[in-house]
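Undergrad: Sharing a structure below in structure tokens format, with a few things to ask.
The values are calculated or read from the model by the stated rules, or taken from the named source; none is laboratory data. Predicted, not measured: the structure shown is a model, and the values here were computed from it. Cβ atoms come from the backbone with ideal geometry, glycine included; neighbour counts cover every protein chain shown. We work out accessible area using only protein heavy atoms, side chains counted, and drop any ligands, DNA or RNA first. Shrake-Rupley method; radii C 1.70, N 1.55, O 1.52, S 1.80 Å.
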Amino acid sequence: GEAVAGLVARILEQHGRLTGIVHNAGVIQDALIVNKTERHMRQVLGPKVAGVLAIHAATEELELKFFVMASSFGSLFG
């Protein structure tokens with residue numbers, strides 16, 4: 001959370017505004033979803049969710065035009 005807040009503050013200081021975010025997160029734990037254990041799911045999804053929550057907390061007062069979230073799951077469908 002603090003690192004993201006610091007980054008957002010630096011962007012605002014240097015550029016005066018932040019209008020959009022693209023959040024791509026990936027953790028390599030190769031396995032079909034039907035073969036994943038709860039532990040593996042937490043290892044894969046935990047950092048992604050934590051990242052989104054940190055970004056939201058650091059930017060909730062900004063008027064973003066877009067906030068795109070992507071993960072490797074999207075690669076299955078193009």
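Undergrad: For the range 1-42, how many residues are modelled with pLDDT under 75, open to solvent by 50 Å² or more (accessible area, probe 1.4 Å) and part of a loop (DSSP other than H, G, I, E, B)?
TA: Counting residues in the range 1-42 that are modelled with pLDDT under 75, open to solvent by 50 Å² or more (accessible area, probe 1.4 Å) and part of a loop (DSSP other than H, G, I, E, B) gives 7.
Undergrad: Note down all Cβ pairs under 9 Å where the first residue falls in the range 3-25 and is within 17 Å of Val52 (Cα to Cα) and β-branched (Val, Ile, Thr), the second is open to solvent by less than 40 Å² (accessible area, probe 1.4 Å) and in a loop (DSSP other than H, G, I, E, B), and they're at least six residues apart or on different chains.
TA: Here the result reads Val8/Leu18, each pair linking the range 3-25 to a residue that is open to solvent by less than 40 Å² (accessible area, probe 1.4 Å) and in a loop (DSSP other than H, G, I, E, B).
Undergrad: Could you give me the residue pairs with C-beta distances under 9 Å whose first residue belongs to the range 65-78 and is open to solvent by 100 Å² or more (accessible area, probe 1.4 Å) and at pLDDT 85 or above, whose second residue is in a loop (DSSP other than H, G, I, E, B) and not hydrophobic (A, V, I, L, M, F, W, C) wherever it lies, and which are 6+ apart or on separate chains?
TA: The qualifying pairs are Lys65/Thr19.
Undergrad: Read through the list (1) at pLDDT below 65; (2) surrounded by 13 or more Cβ atoms within 10 Å (Cβ to Cβ), then give the number of the only condition that Leu45 fails.
TA: (1)
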